[in-house]
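What follows is one structure encoded as structure tokens, with my remarks underneath.
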Amino acid sequence: MRVSLFITCYNDTLFPSTGKSVVRVLERLGHTVDFPRGQTCCGQMHWNTGYQAEALPLLQRFVDQFRAAEVVVIPSSSCVAMMRDHYPKMAAEIDDVRLTADVAALLPKVFEFSEFLTKRLGLEDVGAYYPHRVTYHASCHGLRSLSLGDGPLRLLKAVRGIDLVALDRVEQCCGFGGTFAVKNAAVSSAMLEEKISAVLDTGADACTACDNSCLMHIQGALHRQHTGVRTLHLADILAGEEEVQA
Amino acid sequence: MSAGPLDPKTAPAFPMAAKAAMGDSQLRSNVRHATDVIQAKRARVVDEMPDWQALREAGKQIREHTMRHLDFYLEQFEANCTRAGGVVHWARDAAEARRIVVSLVKASGSDEVIKIKSMTTEEIQLNAALEAAGIQPYETDLAELIIQLGQDQPSHIVVPALHKNRQQIREIFQRTMHLPNLGDQPQDLADAARLFLREKFLRVKTGVSGANFLIAETGGVCVVESEGNGRMCLTLPETLITIAGIDKVLPRYQDLEVTLQLLPRSATGERMNPYNSIWTGVDPADGPRVFHIVLMDNARTEILADEEARQTLNCIRCGACQNACPVYRQTGGHAYGSVYAGPIGAILTPQLQEMHHAQSLPYASSLCGACYEVCPVKINIPEVLIHLRNKVVLQNTSGIAGLFDVEAAAMKAMAAIFRSERRFRAAQRLGRIAETPLVRKDEHGLGWISWLPGMLGGWSQTRDLREMPKETFRDWWEKRSGHDN
Ligand code: SF4
């Protein structure tokens, strides 16, 4: 299959390794990856903060860039949620018939990364090896908007060598919420603190999720508190391979 | 605790109030414990329902239909209630509602009233108005009694004293009921309240209530509760005065079959409320001789006129969104500066203020969606929050002042960057240069930022940030596929 990758603005800038991992997994599974170069941002930050007029051109841009795609894969649950929850309404609200139709045609082809593997390809074992103790945080948008359910966990369970430990209150928000983390820094930090202590209670070496924005937030406190626990995107775990002796 | 009434017009912005509230570790542990307990009870009785999602959908449909034809159902209610012997009054806003209630109490010849728990009376600060007119209100709901005696404010729409634990409640009762030897077992506290209230029930001749539902088809009013004290207030007084927002209407009696399943399971984790009272006008054989109902608008028609925010009015005040909210969990209710706290408060309060006050509340959410997930009438609270944020932004950025709004300027600049791939790449390069002076190496030789300037400083109070990688994904991709830019 020809998979068009929408990397998202923050993965592109801050987490290029996740993009490389996505490419690695997809190519290992025999798919061809394509990267439309004009892509930038889905508009989530603007939309969610109340800058509706600023978000609209970014919707148009996404549609233009990915119109011809066979499938679009996005390693960020919140960006996919932005598209599914808001794009149809955004297009309809400005009475743009053409854009509304384009969005309706494109959205069924858009998948969050783990969702693409489990729901579109029907896979659980993608041939990964990752010999570490790992806990999984269910990012809010993946959990509630995309209904990822136990898909990511099934992918993780199939990873060879992994020691997967359950996170207490796994469905509770980490407190990121985009600009919320800055506008309501104290509350956001208190929410994060609960998440961090749950992560530490697992004794895991690493915390993973389907969204690097939550992980950046969790990582921020794990590092500040010198815990030695890492964060990494689900794709980074699934990209892991066993060293083959020559 | 918070001394003055919760008034969105004068309350501090949420981030400040929240910070102050979080300094109270007793409050935080009380809120966490109470919301955990209620959530667990709710989950048990919701999970046992095979048709819960269908019920939620039915609840949503009923409420949406009602709001679409609100004028019709209100008039139908008025006609049927009047026919049954009730007296219907209309109040445009809180001030008019207070005036009407005060004059009705005076006309009843009483200078005391017994009250059923009612958030609508809290919304309009009725008790203060009654007291100012020389009328003594007695709260009879146990939690409201605790609030009244403790000169406190409600922090939750269903469990107003949720922020208090048993020892604190005992202390309030000991002090105000003069019972120095009172124990702290639930039975001790309930007995003390019962003795205190029983005398009022028998003496006071005028009752004031809110309403859970108004039934247009019959003109009936429905109140549900757990204690039976409400039933006392509804049956013993000679005069009963009910105050209800115009959003409380249901078209048909039969609609209760849906709402009376959704509400108790969502609110208190009960299969059914122990006391479900429905009365229609007056009956010479039983109950109050005189029944007044005040139907209050107080900005609700403004909300109705906003197509996207209209769903706010579908709320049946179950409080499930408050219990599920990870923000409320940290701060409790008072930080919202309104009797409506938590997610429902974050959307309802600024709208009741017609967006003139409480503009920080739509931002008091990480948009995690836990509220939407539990809402029994499927109000998409995150969607309404975003819609209200847009209204706030449009307010703040209109006119000259908007030109000096730092956030708006940054947001507009970012949007311009994202509109062009070339500008985006330039910004990525520039970002790496700009952050360089802030980057420090950690013990593993990795670059981290632990201090950020200005608005971003909120992040770095508790969180580090990895330095930007030297190469973006798209740079890597282009190198790999062999065509350089
Ligand atoms: S918004 Fe929904 S969950 Fe919240 S109080 Fe109202 S009905 Fe209950």
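Which translational diffusion coefficient, to the nearest whole µm²/s, is obtained for the stretch A:133-238 from the Stokes-Einstein equation, given a Kirkwood hydrodynamic radius over C-alpha pairs, 10 °C and 1.306 mPa s? All intermediate terms of the calculation are to be shown ahead of the outcome.
On the way: Rh = 13.7 Å.
Rounded, D is 116 µm²/s.
Find how much the distance from B:Gln61 to B:Ala285 grows on full extension, using 0.36 nm per residue of separation minus their present alpha carbon separation; answer in nm with one decimal.
Residue separation times 0.36 nm, minus the Cα-Cα distance, leaves 76.9 nm.
Can you pull the mean other chain C-beta count within 10 Å for peptide A:189-199?
The per-residue average across the peptide is 3.
Using only Cα atoms, tell me the angle between helix B:186-203 and the longest principal axis of chain B; keep it within 0 to 90° and round to the nearest 10.
Result, in degrees: 50.
Alpha carbons only, please: Rg and Dmax for the stretch A:21-100, in angstrom.
Both quantities, over Cα of the stretch A:21-100: 14.0, 43 Å.
Using label points projected 7 Å from each Cα along Cα→Cβ, tell me how many nm separate B:His444 and B:Glu48, to one decimal.
About 4.9 nm, to one decimal.
Could you work out the local net charge near B:Ala408, counting Lys and Arg as +1, Asp and Glu as -1, over the other residues with Cβ closer than 13 Å to its Cβ?
Net charge around B:Ala408: -1.
Would you mind computing Rg(Cα) / (2.2 N^0.38 Å) for the stretch B:69-122, counting N as its residues?
Normalised Rg, Cα atoms only: 1.32.
Give me the three principal axis extents of the stretch B:14-302 from the C-alpha atoms, as integers in angstrom, largest value leading.
Result, largest extent first: 52, 51, 41 Å.
How many percent of the accessible area of the protein assembly as shown is carbon or sulfur, using a 1.4 Å probe?
Here carbon and sulfur together make up 54 percent of the probe-accessible area.
Would you work out the relative contact order for the stretch A:133-238, in percent, from Cα pairs under 8 angstrom that are 6 or more residues apart?
Averaging sequence separation for qualifying contacts and normalising by length gives 32 percent for the stretch A:133-238.
Per residue Cα convex hull volume for the stretch B:180-285, in cubic angstrom?
On the way: hull volume 13.9 nm³, N = 106.
Taking only Cα atoms, the stretch B:180-285 has a hull volume of 131 Å³ per residue.
Using only the Cα atoms of the stretch B:135-174, construct the convex hull and provide its projected area averaged over every direction, in square nanometres to one decimal.
If I average the Cα hull's projected area over directions, I get 2.9 nm².
Magnitude of the Cβ-charge dipole of the protein assembly as shown, K/R +1 and D/E -1, about the Cα centre, nearest 20 debye?
Values: 78 positive and 85 negative charges, 183 e Å.
It comes to approximately 880 debye.
Say we join alpha carbon atoms closer than 10 Å with springs in a Gaussian network model of chain A; which of A:Phe113, A:Phe66, A:Phe35 then has the biggest fluctuation?
Taking springs between Cα atoms under 10 Å, the residue moving most is A:Phe35.
By the 4.7 Å beta carbon criterion, which cysteine residues of chain B come out unpaired?
Cys with no partner Cβ under 4.7 Å: B:Cys81, B:Cys222, B:Cys233, B:Cys315, B:Cys318, B:Cys325, B:Cys375.
Share of Cα-Cα pairs in the stretch B:15-54 beyond 16 Å, in percent? Don't skip to the answer; put the middle values down first.
Numbers: 428 of 780 pairs.
So the pairs more than 16 Å apart make up 55 percent of the total in the stretch B:15-54.
Hey, rough spin-label estimate for A:Leu121 and B:Asp191, points 7 angstrom out along Cα→Cβ, what's it come to in nanometres?
If labels sit at A:Leu121 and B:Asp191, their model points lie 6.9 nm apart.
How far apart, in nm, are two points set 7 Å out from the Cα along the Cα-to-Cβ line at A:Asp205 and at B:Gln26?
It works out to 4.6 nm between the two label points.
At 0.36 nm per residue, and after removing the present C-alpha to C-alpha distance, how many nm does the segment from B:Phe404 to B:Glu478 gain when stretched out fully?
22.7 nm
Can you give the alpha-carbon Rg of the stretch B:406-484 over 2.2 N^0.38 Å, where N counts its residues?
1.29
Determine how many Å³ per residue the convex hull of the Cα atoms of the stretch B:4-135 encloses. Spell out each step's value before the answer.
Details: hull volume 27.7 nm³, N = 132.
Roughly 210 Å³ of hull volume per residue.
Could you work out the local net charge near B:Pro186, counting Lys and Arg as +1, Asp and Glu as -1, over the other residues with Cβ closer than 14 Å to its Cβ?
It works out to a net charge of 0.
So what's the net charge close to A:Met1: Lys and Arg +1, Asp and Glu -1, counting the other residues with Cβ under 10 Å from its Cβ?
In short, +1.
Can you compute the FRET efficiency between B:Trp451 and B:Glu270 using 1/(1 + (r/R0)^6), with r the Cβ-Cβ distance and R0 = 41 Å? Round to the nearest 0.05. Please report the intermediate quantities before stating the final value.
Values: r = 51 Å, r/R0 = 1.24.
About 0.20, to the nearest 0.05.
Which one, A:Val72, A:Ser114, A:Ala92, projects farthest toward the positive side of the charge dipole computed for the stretch A:2-120 from Cβ point charges (K/R +1, D/E -1)?
Working it through, the farthest residue towards the positive pole turns out to be A:Ser114.
What FRET efficiency, computed as 1/(1 + (r/R0)^6) with R0 = 35 Å and r the Cβ-Cβ distance, is obtained for A:Val165 and B:His33, rounded to the nearest 0.05?
Calculated transfer efficiency: 0.85.
Report the gain in length on full extension from B:Gln174 to B:Ala132: 0.36 nm times residue separation, minus Cα-Cα distance, nm rounded to one decimal.
Between B:Gln174 and B:Ala132, full extension yields 12.4 nm more.
Take peptide A:9-18, look around each residue's Cβ out to 10 angstrom, count Cβ atoms belonging to other protein chains, and average those counts. Don't skip to the end; give the middle numbers.
Details: counts 7, 0, 2, 9, 11, 9, 5, 10, 3, 1.
Taking all residues of A:9-18 together, the mean is 6.
From the convex hull of the Cα coordinates of chain B, what is the mean projected area in square nanometres?
29.1
Send over the per residue convex hull volume for the protein assembly as shown, Cα only, as a whole number of Å³.
On the way: hull volume 124.6 nm³, N = 731.
Normalising the Cα hull of the protein assembly as shown by residue number yields 170 Å³.
The values are calculated or read from the model by the stated rules, or taken from the named source; none is laboratory data. Because the structure is a prediction, the values reported are computed rather than measured. When we count neighbours, we look across all protein chains shown, and the Cβ atoms used for this are built from the backbone with ideal geometry, even at glycine. The protein model used for the area step is the full one, side chains on, heavy atoms only, and it has no ligands, DNA or RNA in it. Shrake-Rupley method; radii C 1.70, N 1.55, O 1.52, S 1.80 Å.
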